[in-house]
Structure formats: structure tokens, C-alpha cells
Amino acid sequence: MLARRLPSILPDLSFEEALEITKIHSIAGILPVNTPLITTRPFRAPHHTVSGVSLVGGGRIPRPGEISLAHYGVLFLDELTEFKKNTLEVLRGPLEDRIVTISRVNASLTYPANFMFAASMNPCPCGYYGSKEKECTCSSQAITKYMGKISGPLLDRIDICVEVSPVKYEKLDNSEKVETSEEIKKRVNKAREIQLKRYKNIGIYSNSELTPSLIEEHCRLDENGKKILENAFNKLKLSARAYGRILKVARTIADLEESKNIEVKHIAEAIQYRALDRKYWGN
């Protein structure tokens with residue numbers, strides 16, 4: 001339910017983004033009738049039985065796969081551990097490069113694949129490992145095998161990892177006013193405007209597209225921020241890739257608060273999102 005609402009809080013599409021999405025859907029033959037231009041961000045949620053070819057694209061006449069159909073939108077994989085491991089591994093390259101190249105005897109085609117990857121999973125086969133409400137009935141070997149379906153390199157490419165606890169009845173029956181998607185989207189659009197202005201001469205849309213050299217230029221930390229990141233890097237045994245991704249997330253958190261500089265609280269929050277995978281995978 002949460003994942004399906006992600007497109008409703010993502011920033012508005014620019015004309016160039018809408019044009020790219022429309023082209024891909026047209027090539028795939030799924031452009032809706034009487035829709036000359038797609039103006040909403042796509043949401044793709046393939047079943048866990050999907051093949052690697054369907055996910056990245058291919059076939060006798062290579063067509064865009066799910067990752068390209070989710071371009072500038074959301075690719076959601078529910079019950080992540082139910083997907084075949086080799087199917088998930090094909091995501092590693094596109095998540096890094098934001099493109100996918102399909103090679104055949106007569107031709108080689110490259111499709112864009114700049115998508116937001118979202119996934120959900122249980123912590124074990126019974127679903128109660130780490131729960132305070134109910135005891136887990138799985139053996140340690142079963143848990144290790146279950147969690148082992150998600151490789152370290154794939155985890156390394158996930159910027160935000162959040163544990164969702166069961167919702168209590170009091171929360172469901174609560175009449176307290178909550179922030180709507182429309183209100184959240186206003187904040188997101190403001191952050192996107194800040195980023196578009198910052199990168200107007202570079203040719204990118206958002207912080208997620210920053211290269212290592214651009215990260216160094218636009219994600220500078222003060223001395224306190226550097227010390228916190230250094231401690232986290234050593235304690236959590238983070239990779240160079242994770243280091244860059246933490247800085248990009250911290251830059252985004254700062255933009256959402258309309259802060260010119262990345263402050264200590266921003267870098268601390270970004271690090272917190274990288275810590276949960278160490279709790280369950282321990283690497």
C-alpha cells in the first residue's frame with residue numbers, strides 16, 4: 001500500500017521526462033489509446049515469478065523490460081526474497097548505470113532505466129524474526145538461507161532501509177490528522193526546484209544522478225559531519241559506494257528542509273537508513 005503511493009509524492013514530471021517515458025511505452029506497444037503523452041510517473045510491480053528477460057528486457061526482437069517501463073517512476077518488488085536470486089542480480093548494473101544494454105547477434109540496443117527501486121520482504125520464512133509481538137519459529141539455518149537470497153552487492157545499492165512494525169489497533173482507529181500526499185508532494189517539488197537550479201548547467205535532474213566528482217563538489221560536510229561519517233564508515237564497514245550514497249541521501253534530506261548546507265542531523269539520518277541491513281545481514 002505504501003509503495004503504490006510513492007508516485008503520488010514524487011515531483012512533477014518535466015516535459016523532457018514525460019517525452020522519454022512516452023517513447024519507451026510506445027516502443028513496448030503499451031501506450032494507452034488516446035494518450036499522446038504520459039504525464040504521470042509509472043509504477044511497475046512485476047510478480048515474483050518474472051524472468052530476468054522480462055525484468056531487464058530482451059526477446060527475439062529486443063523490447064524494453066520492467067526496469068525500462070519504470071523509467072522516471074517506481075519499480076516495486078513485493079516479497080523480494082521470493083524472486084529468483086539470479087533474476088535479482090541482473091538489477092545490479094542498471095541500478096548503477098541507469099541504462100540497460102541488450103545484445104543480440106544482429107544488433108545491440110540500449111534502453112534507459114533510471115527508476116526508483118522499492119522492495120519489501122519479511123525477515124524470515126515465518127515473518128516474526130526480530131518481532132516483539134510474537135516469537136519466531138524458524139531455525140537459524142532457515143533464516144540465514146532466507147536472507148542470503150539478497151546479495152551484499154544488491155543491498156549496497158539500496159539507499160534507504162526501514163523496518164516497519166505491525167500497526168496496532170489504536171493507530172488504525174486514531175482520528176489524528178496526518179500529512180496528505182498532496183502536502184508531502186509540495187515539499188518534494190520545492191526540493192526538486194532547488195536541485196534543478198543547482199544542476200541547471202550540468203544536465204541532470206536530481207541528487208541521485210550525482211557522479212563521484214559532483215558529490216565532492218555539492219555534498220561537502222563540516223568537520224563534525226566528517227567525523228560522524230568516518231565513525232559510521234569504520235563501524236558499519238561501509239563500501240565506497242555506500243559512502244557516496246549516504247552523502248546523496250543527506251544532500252536530499254537537507255534540500256527537503258531547504259537547508260543550503262548538509263548539517264550533522266542530515267548526515268546522521270542518512271547513516272541511520274544504512275544501519276538496518278547490518279542488523280539482519282550482519283555484513
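Bear in mind these aren't lab numbers, they're just calculated from the coordinates by the rules spelled out. Here the structure is a predicted model, which is why all the values come from computation and not from measurement. FYI the Cβ positions are ideal-geometry reconstructions off the backbone, even for glycines, and counts take in every protein chain you see.
Placing +1 at every Lys and Arg Cβ and -1 at every Asp and Glu Cβ, with all other atoms neutral, what dipole size does the chain have around its Cα centre, in debye to the nearest 20?
With only Lys, Arg, Asp and Glu charged at Cβ, the dipole is about 540 debye.
I'm checking a number: the convex hull volume of the Cα atoms of the stretch 181-281, normalised per residue, in Å³. What is it? List each step's numbers first, then the result.
Values: hull volume 11.0 nm³, N = 101.
In the stretch 181-281, the Cα convex hull volume per residue is 109 Å³.
Suppose each label sits 7 Å from its Cα in the direction of the beta carbon; what would the Thr49-Leu236 distance come out to in nanometres?
3.8
Determine ³J(HN,Hα), in whole Hz, for all residues of the stretch 82-89 in sequence, where each value follows from phi through the Karplus function 6.51 cos²θ - 1.76 cosθ + 1.60 and θ = phi - 60°; x replaces Gly and Pro.
My calculation for the stretch 82-89 gives 7, 6, 5, 4, 5, 5, 5, 5 Hz in order.
What does the charge dipole of the stretch 66-146 about its Cα centre add up to, to the nearest 20 debye, if the Cβ of each Lys and Arg holds +1 and the Cβ of each Asp and Glu holds -1?
So the magnitude is around 180 debye.
Cα-based Rg (one decimal) and Dmax (whole number) for the stretch 3-121, in Å?
14.0, 42
Label Lys227 and Asp173 with points 7 Å out from Cα along Cα→Cβ: what is the distance between them in nm?
About 4.9 nm separates the two model spin labels.
If packing is taken as the mean number of other Cβ atoms within 10 Å per residue, what is the order of 130-140, 239-249, 152-162, highest first?
Descending mean neighbour count gives 239-249, 152-162, 130-140.
Taking R0 as 25 Å, what FRET efficiency do you get between Ala268 and Ser213 from their Cβ-Cβ distance, rounded to the nearest 0.05?
FRET efficiency, Ala268 to Ser213: 0.50.
Skipping prolines and chain starts, which residues have an amide H placed within reach, meaning under 5 Å, of the one on Arg63, given they are 5 or more residues away or on another chain?
Gly58
Take the Cα gyration tensor of the chain, multiply each eigenvalue by 5, square-root it, and list the three semi-axes largest first, rounded to whole angstrom.
Square roots of five times the eigenvalues give 29, 26, 21 Å.
Considering amide H positions built from the backbone, and no H for Pro or chain starts, which residues 5 or more places from Ile99, or on another chain, come under 5 Å of its amide H?
Those lying under 5 Å, H to H, from Ile99 are Ala113.
Put a dot 7 Å past each Cα toward the Cβ at Lys149 and Cys126; how far apart are the dots in nm?
1.8
State, as an integer percentage, the relative contact order of the stretch 84-237 based on alpha-carbon contacts under 8 Å between residues 6 or more apart.
Contact order relative to length: 13 percent.
Rounded to the nearest 500, what is the chain's calculated 222 nm mean residue ellipticity when only DSSP H runs of at least 4 contribute -39500 (n - 2.57) each, over all residues? Let's see the in-between values first.
Working: 13 runs with 122 residues, N = 283.
So the helix-based figure for the chain works out to -12500 deg cm²/dmol.
Amide H of Ser14 versus every other amide H placed in the peptide plane: which residues, excluding those fewer than 5 positions away on the same chain, fall under 5 Å?
none
With 27 Å as the limit, write out which pairs from Lys134/Lys279; Lys84/Lys279; Lys23/Lys260; Lys132/Lys279 have Cα-Cα distances beyond it, or answer none.
Cα-Cα > 27 Å for Lys23/Lys260; rest within.
What whole number of Å gives the distance from the Cα centroid of the stretch 230-250 to the Cα centroid of the stretch 16-80?
31
Cut-off 20 Å, label point 7 angstrom out along Cα-to-Cβ of Lys85: give me the residues of the stretch 245-283 whose amide nitrogen falls inside.
277-283
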